[in-house]
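J.: Dropping a structure here in structure tokens format, bear with me for questions.
The values are calculated or read from the model by the stated rules, or taken from the named source; none is laboratory data. Worth saying up front: this structure is predicted, and the values here are computed from it rather than measured. Positions of Cβ are generated from backbone atoms using ideal geometry, with glycine treated the same way; all protein chains shown enter the neighbour counts.
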């Protein structure tokens, strides 16, 4: 079935319109998501500078409360609930040409500059610990034959700086 489409500002779309867009344009399930979560799902799929989505003209907008009011900001976490941070340093690697490493944790990217002491969340340290690369190394056996052996090493070397 084809629909006659119209452009609507993402910020003014109702939950019905957002749900239709996610399910019919993106092919995803929007069930149970809040309006803010649906907008967050759609935003990364729009081209830079684009803030409109196309929905069917005949899609009934639901009756909503005053949409000019912004959604309430989540309350900031109390100081004790903030994530513990760890000081680290990534060594400068000669000849590699890269001065930064990028690490992602739960959709948030951290740019880590080499050679500087950085304070990062524990989750970043966990990602660095788990970033392992495997190389094959030739090992000579007593019978003078060479065998390839897998050797694991950190993909992003780093050191933890004590407080």
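J.: If I ask for residues that are under 19 Å from residue 107 (Cα atoms) and surrounded by 14 or more Cβ atoms within 10 Å (Cβ to Cβ), which ones from region 31-56 would you list?
T.: 33, 38, 39, 41, 42 - these are the residues of region 31-56 that are under 19 Å from residue 107 (Cα atoms) and surrounded by 14 or more Cβ atoms within 10 Å (Cβ to Cβ).
J.: Something else: Mind listing just one residue for me: the one in region 9-28 that is outside any helix (DSSP H, G or I) and at pLDDT below 85 and, of those, farthest from the chain's Cα centre (by Cα)?
T.: Of all residues in region 9-28, those outside any helix (DSSP H, G or I) come to 9, 13-14, 27-28.
Imposing the further condition that a residue be at pLDDT below 85 reduces the set to 27-28.
Details: 27: 20, 28: 18 Å.
Only one residue tops the list, namely 27.
J.: Another question, then. Considering only residues of region 81-126 that are touching a residue at least 40 places away in the same chain (Cβ under 8 Å), in contact with a helix residue (DSSP H, G or I) (Cβ under 7 Å, 6 or more places away or on another chain) and more than 17 Å from residue 155 (Cβ to Cβ), which is surrounded by the fewest Cβ atoms within 10 Å (Cβ to Cβ)?
T.: Result: 83.
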